[in-house]
Amino acid sequence: MTGLYDDPMRRSAAEPYWNTNVARHPGILRTVPEGCGEALDVGCGDGLLARKLAERAKHVTGIDKSPDMIACARESAAGHPQLTFVEGDFLTAELPGAAYDFVCSVTTIHHMDFEAALVRMRELLRPGGMLVVVGLACEASVTEWAMLIAAAPIVRIAKVLRRARGPQGMPVTDPQMSYGQVRTAARRLLPGVRYRRHVLRRYSLTWEKPAR
(Lines give C-alpha, C1' and ligand atoms only; values in the text may rest on other atoms or scores of the structure.)
Protein backbone atom coordinates (compact mmCIF):
# COMPACT_ATOMS: atom_id res chain seq x y z
CA MET A 1 0.00 0.00 0.00
CA THR A 2 3.02 2.29 0.14
CA GLY A 3 2.55 5.17 -2.23
CA LEU A 4 -1.24 4.84 -2.51
CA TYR A 5 -1.82 8.42 -1.45
CA ASP A 6 0.96 10.24 -3.28
CA ASP A 7 -0.06 13.66 -4.62
CA PRO A 8 -2.04 13.37 -7.89
CA MET A 9 -2.35 17.13 -8.33
CA ARG A 10 1.25 17.94 -9.25
CA ARG A 11 1.72 19.00 -12.83
CA SER A 12 4.39 20.56 -15.00
CA ALA A 13 3.19 23.70 -16.72
CA ALA A 14 4.85 22.43 -19.89
CA GLU A 15 2.64 19.30 -20.17
CA PRO A 16 0.69 19.29 -23.48
CA TYR A 17 -1.98 17.22 -21.73
CA TRP A 18 -2.52 15.40 -18.46
CA ASN A 19 -3.97 12.03 -17.57
CA THR A 20 -3.38 9.28 -15.04
CA ASN A 21 -0.49 7.94 -17.13
CA VAL A 22 1.23 11.31 -17.45
CA ALA A 23 0.88 11.66 -13.67
CA ARG A 24 3.49 8.92 -13.29
CA HIS A 25 6.08 10.53 -15.57
CA PRO A 26 7.90 12.55 -12.87
CA GLY A 27 8.48 9.44 -10.76
CA ILE A 28 9.75 7.52 -13.79
CA LEU A 29 12.14 10.30 -14.77
CA ARG A 30 13.59 10.41 -11.26
CA THR A 31 14.76 6.80 -11.62
CA VAL A 32 16.76 7.31 -14.83
CA PRO A 33 20.40 6.46 -13.99
CA GLU A 34 22.96 9.24 -14.02
CA GLY A 35 24.80 9.26 -17.32
CA CYS A 36 22.19 7.07 -19.01
CA GLY A 37 23.27 6.12 -22.51
CA GLU A 38 20.46 4.04 -24.04
CA ALA A 39 16.84 4.12 -22.86
CA LEU A 40 13.85 2.12 -24.12
CA ASP A 41 10.18 3.12 -23.78
CA VAL A 42 7.92 0.09 -24.32
CA GLY A 43 4.49 1.09 -25.59
CA CYS A 44 5.62 4.64 -26.23
CA GLY A 45 2.32 5.86 -27.69
CA ASP A 46 2.70 9.36 -29.11
CA GLY A 47 6.21 9.63 -27.67
CA LEU A 48 5.55 12.13 -24.88
CA LEU A 49 7.53 10.21 -22.26
CA ALA A 50 10.27 9.34 -24.76
CA ARG A 51 10.76 13.05 -25.51
CA LYS A 52 11.15 13.72 -21.79
CA LEU A 53 13.60 10.83 -21.44
CA ALA A 54 15.71 12.35 -24.22
CA GLU A 55 16.60 15.14 -21.78
CA ARG A 56 18.18 12.54 -19.46
CA ALA A 57 19.54 9.88 -21.83
CA LYS A 58 21.87 10.13 -24.81
CA HIS A 59 19.54 8.08 -26.99
CA VAL A 60 15.94 6.90 -26.54
CA THR A 61 14.12 4.20 -28.49
CA GLY A 62 10.33 4.04 -28.35
CA ILE A 63 8.42 1.00 -29.57
CA ASP A 64 4.68 0.63 -30.13
CA LYS A 65 2.40 -1.65 -32.19
CA SER A 66 0.07 1.16 -33.23
CA PRO A 67 0.95 2.70 -36.64
CA ASP A 68 -1.03 5.83 -35.73
CA MET A 69 0.81 6.33 -32.43
CA ILE A 70 4.23 5.79 -34.02
CA ALA A 71 3.35 8.27 -36.77
CA CYS A 72 2.48 10.88 -34.11
CA ALA A 73 5.65 10.11 -32.18
CA ARG A 74 7.86 10.48 -35.25
CA GLU A 75 6.19 13.73 -36.25
CA SER A 76 6.68 15.21 -32.77
CA ALA A 77 10.32 14.08 -32.69
CA ALA A 78 11.27 15.58 -36.05
CA GLY A 79 14.67 17.22 -35.80
CA HIS A 80 15.70 15.25 -32.69
CA PRO A 81 18.22 12.60 -33.78
CA GLN A 82 18.52 11.19 -30.27
CA LEU A 83 15.00 9.76 -30.61
CA THR A 84 14.17 6.60 -32.59
CA PHE A 85 10.68 5.12 -32.90
CA VAL A 86 10.02 1.51 -33.90
CA GLU A 87 6.64 0.20 -35.05
CA GLY A 88 6.29 -3.41 -33.96
CA ASP A 89 5.39 -6.04 -31.39
CA PHE A 90 7.67 -5.68 -28.39
CA LEU A 91 7.74 -9.43 -27.78
CA THR A 92 9.06 -10.23 -31.26
CA ALA A 93 10.74 -7.06 -32.53
CA GLU A 94 14.48 -7.12 -33.14
CA LEU A 95 16.03 -5.20 -30.26
CA PRO A 96 19.61 -5.52 -28.97
CA GLY A 97 19.90 -7.72 -25.89
CA ALA A 98 21.36 -6.37 -22.66
CA ALA A 99 21.84 -3.01 -24.40
CA TYR A 100 19.74 -0.55 -22.39
CA ASP A 101 20.64 1.37 -19.24
CA PHE A 102 16.97 2.16 -18.64
CA VAL A 103 13.76 0.43 -19.71
CA CYS A 104 10.29 1.74 -18.89
CA SER A 105 6.70 0.98 -19.83
CA VAL A 106 3.50 2.82 -18.93
CA THR A 107 0.12 1.02 -19.00
CA THR A 108 1.23 -1.26 -21.82
CA ILE A 109 2.15 -4.55 -20.20
CA HIS A 110 -1.49 -5.59 -19.70
CA HIS A 111 -1.81 -5.56 -23.51
CA MET A 112 0.75 -8.39 -23.65
CA ASP A 113 1.58 -11.65 -21.93
CA PHE A 114 2.68 -10.20 -18.59
CA GLU A 115 5.41 -12.69 -17.74
CA ALA A 116 6.85 -12.85 -21.26
CA ALA A 117 6.97 -9.05 -21.44
CA LEU A 118 8.61 -8.70 -18.03
CA VAL A 119 11.21 -11.34 -18.87
CA ARG A 120 12.05 -9.60 -22.15
CA MET A 121 12.42 -6.23 -20.43
CA ARG A 122 14.73 -7.88 -17.90
CA GLU A 123 16.84 -9.41 -20.67
CA LEU A 124 17.13 -6.13 -22.58
CA LEU A 125 18.66 -4.34 -19.58
CA ARG A 126 22.39 -4.06 -19.13
CA PRO A 127 23.72 -5.31 -15.79
CA GLY A 128 23.12 -2.49 -13.33
CA GLY A 129 20.34 -1.04 -15.51
CA MET A 130 17.00 0.19 -14.16
CA LEU A 131 13.52 -1.07 -15.07
CA VAL A 132 10.30 0.82 -14.28
CA VAL A 133 6.88 -0.56 -15.20
CA VAL A 134 3.65 1.33 -14.53
CA GLY A 135 0.58 -0.78 -15.07
CA LEU A 136 -3.12 -1.37 -14.69
CA ALA A 137 -4.65 -4.25 -12.75
CA CYS A 138 -8.09 -5.27 -11.58
CA GLU A 139 -9.48 -5.67 -8.08
CA ALA A 140 -9.89 -9.22 -6.78
CA SER A 141 -9.69 -9.09 -2.97
CA VAL A 142 -11.61 -7.24 -0.28
CA THR A 143 -8.53 -5.14 0.44
CA GLU A 144 -8.10 -4.20 -3.21
CA TRP A 145 -11.74 -3.17 -3.51
CA ALA A 146 -11.51 -1.14 -0.30
CA MET A 147 -8.49 0.72 -1.67
CA LEU A 148 -10.37 1.43 -4.92
CA ILE A 149 -13.38 2.82 -3.07
CA ALA A 150 -11.20 4.96 -0.78
CA ALA A 151 -9.31 6.46 -3.72
CA ALA A 152 -12.31 6.98 -6.05
CA PRO A 153 -13.16 10.56 -4.93
CA ILE A 154 -9.53 11.65 -5.33
CA VAL A 155 -9.38 10.14 -8.82
CA ARG A 156 -12.60 11.84 -9.92
CA ILE A 157 -11.57 15.23 -8.56
CA ALA A 158 -8.10 15.03 -10.12
CA LYS A 159 -9.49 14.13 -13.54
CA VAL A 160 -12.02 16.97 -13.48
CA LEU A 161 -9.65 19.65 -12.18
CA ARG A 162 -6.87 18.63 -14.52
CA ARG A 163 -9.19 18.13 -17.51
CA ALA A 164 -7.77 14.68 -18.07
CA ARG A 165 -7.31 13.72 -21.71
CA GLY A 166 -4.89 11.87 -23.90
CA PRO A 167 -3.88 11.48 -27.54
CA GLN A 168 -6.67 10.31 -29.85
CA GLY A 169 -6.41 6.77 -31.14
CA MET A 170 -4.57 5.35 -28.14
CA PRO A 171 -5.39 1.60 -27.98
CA VAL A 172 -7.12 0.50 -24.76
CA THR A 173 -7.91 -2.85 -23.19
CA ASP A 174 -9.01 -4.02 -19.75
CA PRO A 175 -6.45 -5.65 -17.45
CA GLN A 176 -6.94 -9.33 -16.63
CA MET A 177 -4.51 -9.72 -13.71
CA SER A 178 -5.25 -8.56 -10.19
CA TYR A 179 -2.88 -6.38 -8.19
CA GLY A 180 -2.02 -9.39 -6.05
CA GLN A 181 -1.23 -11.52 -9.09
CA VAL A 182 0.96 -8.77 -10.53
CA ARG A 183 2.87 -8.42 -7.26
CA THR A 184 3.42 -12.18 -6.90
CA ALA A 185 4.60 -12.67 -10.50
CA ALA A 186 6.86 -9.63 -10.41
CA ARG A 187 8.56 -10.73 -7.19
CA ARG A 188 9.23 -14.15 -8.71
CA LEU A 189 10.64 -12.80 -11.97
CA LEU A 190 12.44 -9.76 -10.57
CA PRO A 191 13.94 -10.65 -7.17
CA GLY A 192 14.11 -7.56 -5.00
CA VAL A 193 11.59 -5.60 -7.10
CA ARG A 194 9.88 -2.65 -5.44
CA TYR A 195 6.10 -2.82 -5.88
CA ARG A 196 3.92 0.21 -5.16
CA ARG A 197 0.20 0.85 -5.47
CA HIS A 198 -0.69 4.39 -6.54
CA VAL A 199 -3.80 6.45 -5.95
CA LEU A 200 -4.75 6.99 -9.59
CA ARG A 201 -5.46 3.30 -10.22
CA ARG A 202 -1.90 2.39 -11.13
CA TYR A 203 0.84 0.20 -9.71
CA SER A 204 4.56 0.50 -10.34
CA LEU A 205 7.45 -1.95 -10.40
CA THR A 206 10.98 -0.63 -9.95
CA TRP A 207 13.94 -2.96 -10.31
CA GLU A 208 17.69 -2.66 -10.71
CA LYS A 209 19.32 -5.50 -12.60
CA PRO A 210 22.17 -6.98 -10.57
CA ALA A 211 25.63 -6.08 -11.82
CA ARG A 212 27.77 -9.00 -12.90
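The values are calculated or read from the model by the stated rules, or taken from the named source; none is laboratory data. This one's a predicted model, so the numbers in the text were calculated from it and none came from an experiment. When we count neighbours, we look across all protein chains shown, and the Cβ atoms used for this are built from the backbone with ideal geometry, even at glycine. Heavy atoms of the whole protein, side chains included, go into the accessibility calculation; ligands, DNA and RNA do not. Shrake-Rupley method; radii C 1.70, N 1.55, O 1.52, S 1.80 Å.
What is the ratio of the Cα radius of gyration of the chain to 2.2 N^0.38 Å, where N is its residue count, to two decimals? Display every interim value, and only then the final one.
Working: Rg = 16.4 Å, N = 212, 2.2 N^0.38 = 16.8 Å.
Rounded to two decimals, the normalised Rg is 0.98.
Roughly how big is the chain's charge dipole about its Cα centre, with Cβ charges of +1 (Lys, Arg) and -1 (Asp, Glu), in debye to the nearest 20? Could you put the intermediate results ahead of the total?
Values: 28 positive and 22 negative charges, 158 e Å.
The calculation lands at about 760 debye.
To the nearest 500 deg cm²/dmol, what mean residue ellipticity at 222 nm is calculated for the chain from DSSP H runs of n ≥ 4 alone, each contributing -39,500 (n - 2.57), summed and divided by the residues?
Working: 6 runs with 64 residues, N = 212.
The helix contribution divided over the chain gives -9000 deg cm²/dmol.
With every protein chain left in place and a probe of 1.4 Å, what is the accessible surface of Ser76, to the nearest 10 Å²?
Here the accessible area works out near 60 Å².
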